Amino acid sequence: MGTPEFPNLGKHCAVDDCKQIDFLPFTCDRCNLVFCLEHRSYIKHNCPKADRQDVTVVICPLCAKGVRLIPDEDPNITWDTHVNTDCDPSNYEKVTKKKKCPVPGCKEILTFSNTLKCRDCLVDHCLKHRFGPDHKCPGPKKPESNFPFMGLLNRSRKEEQRPNKAPATSSPKWATNFLNAASSVRASAEASMMKLSNEISQKWQIAKDSVGQSSGNSGRNGEIEECPQCGAKFSSVTTLVEHVEKVHERDGNRPGGKKVTVDVCPKCSRGFRDPVALVEHVERDHGGTSRA
């Protein structure tokens, strides 16, 4: 077998009557034996394990379920296991019983091609009894009485049908209740909107005051404060006031000196030499009045 260079090349066929050397042998995936080209199929070499991967299903006569037979296992054992675990006789009628037309006396079996659902009662019927008069259709379902609007509507209709029970000018009770509910909802909405607008206006005023104070402390719009007496410039009002008190008031106490008075804005701490200019500043920038 083989050649001097390749002594293991090729194998004999496993069939006793063949034993042919094949340099490209075939290995059976069931019995794992080697065969030649002629005997490679299951039937040619009579493979004893040819049905190992086959799927065989038996229908149970008790529950109408499919039972798969396991290879290399006794079918009786498989059957006993199914009967003791999965078998349910109540499922037999669900599987075998075919749906028929519900009309009394009709034995038509409902299938995909001859089934039609009624639009009113929503029940499947055959083509022969598809119309309402043919299967005595009760009609569409009545609306549920627990729905509040329908209950009010029914009561209003009953009150209108009663003669001499209420004056003609009086509105139905359900309409009065509906208007009262709408009025209460509108009042609560208006109160909520009024409260929201007041809160927004308060927050806006607080924000404006804080911005005015912050801008006043650092000089309005980045302006540099100037001393009205000597023309010296300062970055803040506090420094200007200290300068006036130390220099010009001291000079004013001397003979011939003139005392200068600087008024400070209570809102933004900006200094003014003229009181009239201070009043105009308060009215223009802070929304005040001269009287206040």
**Asked** When both residues are 6+ apart or on different chains and their Cβ atoms are under 6 Å apart, which pairs have a first residue that lies in region 239-266 and is closer than 13 Å to Pro228 by Cα and at pLDDT 75 or above, and a second that is open to solvent by less than 90 Å² (accessible area, probe 1.4 Å) and small (Gly, Ala, Ser)?
**Response** Leu240/Gly271
**Message:** For region 100-116, which positions are within 19 Å of Cys137 (Cα to Cα) and surrounded by 11 or more Cβ atoms within 10 Å (Cβ to Cβ)?
**Reply:** Lys100, Cys101, Pro102, Val103, Cys106, Glu108, Leu110, Asn114, Thr115, Leu116
**Asked** Quick one: in region 4-31, which of the residues that are of a type in the set (Phe, Trp, Tyr) and open to solvent by 90 Å² or more (accessible area, probe 1.4 Å) is nearest to Ile43 (Cα to Cα)?
**Response** Phe23
**Item:** Filter result for Val58 (under 27 Å from Tyr92 (Cα atoms), among the aliphatic types (A, V, I, L, M) and in contact with a strand residue (DSSP E or B) (Cβ under 6 Å, 6 or more places away or on another chain))
**Value:** yes
**Asked** Only one of these conditions is not met by Asp17: (1) out of contact with any Lys or Arg (no Cβ under 8 Å at 6 or more places or on another chain); (2) in contact (Cβ under 8 Å) with a residue 24 or more places away in the chain. Which number is it?
**Response** (2)
**Complete:** In the set Val83, Val123, the lone residue that is assigned by the TED database to the domain that holds Lys65, open to solvent by 40 Å² or more (accessible area, probe 1.4 Å) and hydrophobic (A, V, I, L, M, F, W, C) is Val83
**Item:** Every residue from region 42-69 that is out of contact with any helix residue (DSSP H, G or I) (no Cβ under 7 Å at 6 or more places or on another chain), within 29 Å of Asp86 (Cβ to Cβ) and either open to solvent by less than 50 Å² (accessible area, probe 1.4 Å) or not in a loop (DSSP other than H, G, I, E, B) (or both)
**Value:** Ala50, Thr56, Val57, Val58, Ile59, Gly66, Arg68
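The values are calculated or read from the model by the stated rules, or taken from the named source; none is laboratory data. Owing to the predicted nature of the structure, the values given are computational and were not obtained by experimental measurement. Ideal geometry is used to build each Cβ from the backbone, glycine not excepted, and the neighbour counts take in all protein chains shown. Side chains are part of the model used for accessible areas, which takes the heavy atoms of the whole protein and leaves out ligands, DNA and RNA. Shrake-Rupley method; radii C 1.70, N 1.55, O 1.52, S 1.80 Å.
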